[in-house]
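The values are calculated or read from the model by the stated rules, or taken from the named source; none is laboratory data. Keep in mind that what you see is a predicted model, and the values were worked out from it rather than measured. Note: ideal-geometry Cβ built from the backbone for every residue, glycine included; neighbour counts use all protein chains shown. Surface areas here come from the heavy atoms of the whole protein model, side chains and all, with no ligands, DNA or RNA. Shrake-Rupley method; radii C 1.70, N 1.55, O 1.52, S 1.80 Å.
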Amino acid sequence: MSNLVPKIMIPFNNGRGMHDSEENRDRLSDLPDCLLLHILSYLNSIHAVQTCILSTRWRHLWKHIPTVKLKHSTVKCFDKFLSKMLTLRDNSTALRALDLDRRGLIEARLLEKILNYVYSHNAHIQQLEISVVAQSYPILNCISSCKALTSLKLSLYNIGSKSTYAETLFPKSLNLPLLTTLYLENFTFCGGENGCAEPFSIFTKLNSLVIRHSKVKKAQILSISNETLVDLAMHYNSFNFVEIELSTPSLCTFTFPDNLDQKICGSGLSCVKHVSIYAPQRSFSMKYPSVLLGWLRELANVESLKVTSITLQILFLVPDLLDVKLHSLCNLKSLDVELIPLRSELLILLMKDNMLKKFITKSHKEVVKLREAFKLGMELPPIPDGIVDFLLQNSPSAQVNITTKYEDRFNLKQVEESVRGERNTSYLKQFCDCLINFCFE
């Protein structure tokens, strides 16, 4: 094994003028095996194996690590390394977790070697993460034998017989009785005779579910029916189904789909306490503003709401939005807004047109000033005037938190001040007046 890994040096001198005996003492190696193995279990397996050269104390320690982590390695001779590692690993040590992330195509024989090893330890493995480009069927067959699984994460790009991407069908009979956490990416859920796909009711202990880049086949409804599900997140899924039906009486946290094409119905939203809505700007339909408003009306008991500035800008396109009376969001305790640059040309045009229409009702002079400001390069306010008050109309004491990862694009202090005092002086009016006065002085 030593000829496959580079030599590494770990200095133990802490530089505090200690005596030689204390200075050269290997304190890390003095720790008990159980603690060292716990520490090593967090490392990529390639790095964990490298510790075998530190001293005789470490030579065989890696063989007893209960986890195998193979994270997007670019190490040369990886196939040879993997074969030796699996061969030399102590088979009497139960394999509790395996994480395979190749970030690209994996050779069939290499994948088969890994899956065979998983299968030989299937009685004890509890956590399994696989992210590869490969044929998915042997992976799913292997997983179905791991009855002790509590956490499963699968991101599979299925290569078909002609080296093209194919569907990865999620099996209807994946019986994992102890599963509590499930993450699925690039899967297709098949419907039944009733035109509804219902893939998750079989998991009787499921607590957390994430669905990404997935779609529905032979159905128009994706039914998420589960008695124990607490946390649900949906990201970048297909447009090919029209409805998400929630039958989730324990649901507490819900991250809404990134696209706004699906209707969300069922009893699941009534008990949700924490909601995140991240509306996209990459595609836009004129129905999206009303879809967002419809979602908000269903959130009867939500206590925390997380949105992006894009979400608020789309919502603001609802005609006469600020005159709408909400009967929801009555228990809201916090509103978190993440500022994101608006890059969609269509959304920018719609927002400007919407603002001009609102100013027409005030005065012709205000419309002229606004048009001049747009010509001079004024950017749209990241949080439309009045929309925070609209969301807090039934919970005026809720805390408002504004954050951004784009500090160079936003004056966070100015935005916060405009939100706090928007009843008196709007961000738009401040900006517009300053710009016009500067240009015409």
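Enumerate the strands (runs of 3 or more DSSP E) found wholly within segment 235-307, keeping only those where 1 or more residues are out of contact with any Pro (no Cβ under 6 Å at 6 or more places or on another chain), in contact (Cβ under 8 Å) with a residue 12 or more places away in the chain and small (G, A, S).
Those strands (runs of 3 or more DSSP E) span 243-247, 263-266, 274-277.
I'm trying to understand the selection: among the residues of segment 202-234, which are part of a loop (DSSP other than H, G, I, E, B), open to solvent by less than 40 Å² (accessible area, probe 1.4 Å) and not aliphatic (A, V, I, L, M)?
In the first step, residues of segment 202-234 are kept if they are part of a loop (DSSP other than H, G, I, E, B); the result is 202-207, 213-214, 218-220, 226-230.
Now narrow it down to the ones that are open to solvent by less than 40 Å² (accessible area, probe 1.4 Å): 203, 206, 214, 219, 226, 229.
Residues satisfying the conditions are F203, S214, N226.
Is it the case that K365 is at pLDDT 75 or above, out of contact with any Phe, Trp or Tyr (no Cβ under 9 Å at 6 or more places or on another chain), open to solvent by 50 Å² or more (accessible area, probe 1.4 Å) and on the phi < 0 side of the Ramachandran plot?
Considered against the rule, which asks whether it is at pLDDT 75 or above, out of contact with any Phe, Trp or Tyr (no Cβ under 9 Å at 6 or more places or on another chain), open to solvent by 50 Å² or more (accessible area, probe 1.4 Å) and on the phi < 0 side of the Ramachandran plot, K365 comes out as no.
Residues of segment 143-168 being at pLDDT 90 or above and either among the small types (G, A, S) or open to solvent by 10 Å² or more (accessible area, probe 1.4 Å) (or both), which ones?
Passing the criteria: S144, S145, K147, A148, T150, S151, K153, S155.
Among L347, L356, which is the only one that is open to solvent by less than 20 Å² (accessible area, probe 1.4 Å), over 20 Å from Q399 (Cα atoms) and aliphatic (A, V, I, L, M)?
L347
If you check L140, L178, L115, which single one turns out to be open to solvent by 10 Å² or more (accessible area, probe 1.4 Å), part of a helix (DSSP H, G or I) and under 25 Å from L229 (Cα atoms)?
L140
Can you tell me which of (1) part of a loop (DSSP other than H, G, I, E, B); (2) under 27 Å from the mean Cα position of the chain (by Cα) is the one V337 doesn't meet?
Of the numbered conditions (1) part of a loop (DSSP other than H, G, I, E, B); (2) under 27 Å from the mean Cα position of the chain (by Cα), the odd one out for V337 is (1).
Does K147 meet the test of being in a strand (DSSP E or B) and basic (K, R)? Write out each step before concluding.
Details: in a strand (DSSP E or B): no; basic (K, R): yes.
In short, no.
Taking segment 322-334 as the search range and keeping residues that are open to solvent by 80 Å² or more (accessible area, probe 1.4 Å) and either touching a Ser or Thr at 6+ places or on another chain (Cβ under 6 Å) or assigned to a loop (DSSP other than H, G, I, E, B) (or both), which one is nearest to H274 (Cα to Cα)? If you could, list the steps in order and put the result at the bottom.
Here is the first cut: in segment 322-334, the residues open to solvent by 80 Å² or more (accessible area, probe 1.4 Å) are 322-323, 325, 327, 333.
Remaining after also requiring either touching a Ser or Thr at 6+ places or on another chain (Cβ under 6 Å) or assigned to a loop (DSSP other than H, G, I, E, B) (or both): 325, 327, 333.
On the way: K325: 22, H327: 18, K333: 10 Å.
Here the residue is K333.
Taking segment 82-103 on its own, how many of its residues are open to solvent by less than 20 Å² (accessible area, probe 1.4 Å) and among the small types (G, A, S)?
1
Somewhere in segment 56-68, is a residue over 26 Å from S131 (Cα atoms) and at pLDDT below 85?
Scanning segment 56-68, I find at least one residue that is over 26 Å from S131 (Cα atoms) and at pLDDT below 85, so the answer is yes.
For a quick check of your reading of the model, give me the residue pairs whose first member lies in segment 65-81 and is surrounded by fewer than 16 Cβ atoms within 10 Å (Cβ to Cβ) and in a loop (DSSP other than H, G, I, E, B), whose second is acidic (D, E) and at pLDDT 75 or above, with beta-carbon atoms closer than 9 Å and at least 6 apart or on different chains.
If the second residue must be acidic (D, E) and at pLDDT 75 or above, the pairs left are H72/D101.
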